[in-house]
């Protein structure tokens, strides 16, 4: 059932991304507004990193800080995604088989993988939600045995 399905058939595209110099505050706001957990970081459309909710949590100031809320907000606004993003990003290609990619996601416990072309230009992202959408879509076209 899944053996001939390619990533390009179910990936999300166009993908929401931001440039390296985006403030962490802006990126966090965009992720919240768009209801996304992974935000690819690009430099001239080429993927250079990814920002996850986990990256944001790690970069967040501790509740034990002596800084005021205004000082914290100022510092958070000055910090760019380039400083906290994950740089070593595992990617997939549009023509990769979905079964191979699903194995990779399970093996590495990834919930999303950026999709890039041969020049590392970001063309999409494959997320758990896309996989759920695929399973539901395919199951609606399968007739049950009698």
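Throughout, read-outs are computed from the coordinates displayed, never taken from laboratory work. Only a predicted model underlies this, so the values are computations on that prediction, with no experimental measurement involved. Cβ sites come from the backbone with ideal geometry, for glycine too, and all protein chains shown count toward neighbours.
Odds and ends about this structure:
- 222 nm mean residue ellipticity, helices alone, for the chain (DSSP H n ≥ 4; -39,500 (n - 2.57); rounded to 500): -10500 deg cm²/dmol
- The calculated FRET efficiency for the pair residue 88 and residue 121, based on their C-beta separation and a Förster distance of 22 Å, comes to about 0.75.
- Likely footprinting exposure, 87, 46, fewest C-beta neighbours within 10 Å first: 87, 46
- Net lengthening on full extension, residue 3/residue 97 (0.36 nm per residue, minus Cα-Cα): 33.1 nm
- Order of 8, 3 under a 10 Å beta carbon neighbour criterion, fewest first: 3, 8
- For residue 106 and residue 33, a Förster radius of 22 Å and the Cβ-Cβ distance give a FRET efficiency of 0.15, rounded to the nearest 0.05.
- Put in order of Cβ neighbour count within 10 Å, fewest first, the listed residues 52, 139 become 139, 52.
- The calculated FRET efficiency for residue 20 paired with residue 58, based on their beta-carbon distance and R0 = 22 Å, is about 0.75.
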